[in-house]
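Okay, structure first, notes after.
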Amino acid sequence: MTLSTLPCEIRLKIYSNLFTNGLIKAEPSYTDPQSLTFWTLSSSPNSEIRMAANPLSAQLLRCCQQIHSEAHILLYSSNTFDCSSREGMRLLLSATGARNFSLIRALIIDWEQLQDFAWSLAKQSHVELTAGLESVEMATWRARVLGGSSSLWKEAKFYERQLLQAAVDICAKHKRLRIVGQKSYSRAGRVGIGSSYSRVKWRFVVSESDLNEGETMVDVKEELEVLTRSVDGAEEAGSTMQPGPVDAF
């Protein structure tokens, strides 16, 4: 009995075991910056995160057209691709091709890539590439500036306003990513720096039901308006006093 003669349900289970590893990190190769290295991140028994070279192999996909048509969709749609490293997304697209990239459902990017992602949606080709996405997550936490010098506060809030504008554009332009979920944590700050220390993470999803535990929905359009009024008001007043914290990002 060969693989192709097995019942379809059994073949799909085999494909799932072979091609589903959860989180796959794509980053430039150390030996060749123009080539791509894949890593699989998984939880060890003691709950720590270990990283090993990705054991996924595409060799089985080359056996015959039937296996390729049945399994390659699972490879891209069932894994989360972490493209937050420098050039990770460009190299992933180059390695997979547009057709396979469009099958990806979950993507991880960095904050610095958020504006580029929003701008790319102005091109129809990029809209088609990302049409299947159901989740886009920020790879790292980002600190919120609740206090500090006036110049530092303005610079930080200007950048936060850019991020909020990018989020508004993504929700407006993308056909599926309409909801922004935010996960945050805060703790007491050091004396002289501020009363609290806060970090946030964003995740773009299709609907409210897709939010994970601990995530709250953010109205990024309203947050942008609140932050803009706060920054513009401080500039008009010309005050050198430290502005109070605002709820926007």
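Derivation of every value follows stated rules applied to the coordinates shown; laboratory data play no part. Not measured: the values here are computed from a predicted model. With ideal geometry, Cβ positions are generated from the backbone for all residues, glycine too; neighbour counts draw on all protein chains shown.
At R0 = 25 Å, how high is the FRET efficiency between Ser186 and Asp219 if r is their beta carbon distance? Nearest 0.05 is fine. Write out the running numbers ahead of the final one.
Numbers: r = 20 Å, r/R0 = 0.80.
It comes out at approximately 0.80.
Sort Met138, Met217 so that the residue with the fewest other Cβ atoms within 10 Å of its own Cβ comes first and the one with the most comes last. The partial results should precede the final answer.
Working: Met138 21, Met217 13.
Ascending Cβ contact count within 10 Å gives the list Met217, Met138.
Note the full-extension length gain between Ala156 and Lys173 as 0.36 nm times their separation in residues minus their Cα-Cα distance, in nm to one decimal. Don't skip to the answer; put the middle values down first.
On the way: separation 17, 0.36 × 17 = 6.12 nm, distance 2.59 nm.
Difference between extended and current length: 3.5 nm.
Neighbouring Cβ atoms within 10 Å as the yardstick, rank Glu222, Glu213 fewest first.
Glu213, Glu222
In straight Cα distance, which lysines are under 25 Å from Lys13, not counting same-chain residues fewer than 8 positions off?
List returned: Lys25.
Given R₀ = 30 Å, what would the calculated FRET efficiency be for Ala122 paired with Leu74, taking r from the Cβ atoms and rounding to 0.05?
0.45
Please give the length that would be gained between Ala98 and Ser16 if that part of the chain were fully extended, namely 0.36 nm times their separation in residues minus their C-alpha to C-alpha distance (nm, one decimal). It would help to have the intermediate numbers written out before the result.
Numbers: separation 82, 0.36 × 82 = 29.52 nm, distance 2.25 nm.
Using 0.36 nm per residue and subtracting the Cα-Cα distance, I get 27.3 nm.
Multiply the residue separation of Glu9 and Ala139 by 0.36 nm, subtract the distance between their alpha-carbon atoms, and state the gained length in nm to one decimal.
Numbers: separation 130, 0.36 × 130 = 46.80 nm, distance 3.47 nm.
That pair, Glu9 and Ala139, stretches by 43.3 nm at full extension.
Starting with the fewest neighbours, write out Ile104, Ile10, Ile73 ranked by other beta-carbon atoms found within 10 Å of each beta-carbon.
In order of increasing Cβ crowding within 10 Å: Ile10, Ile73, Ile104.
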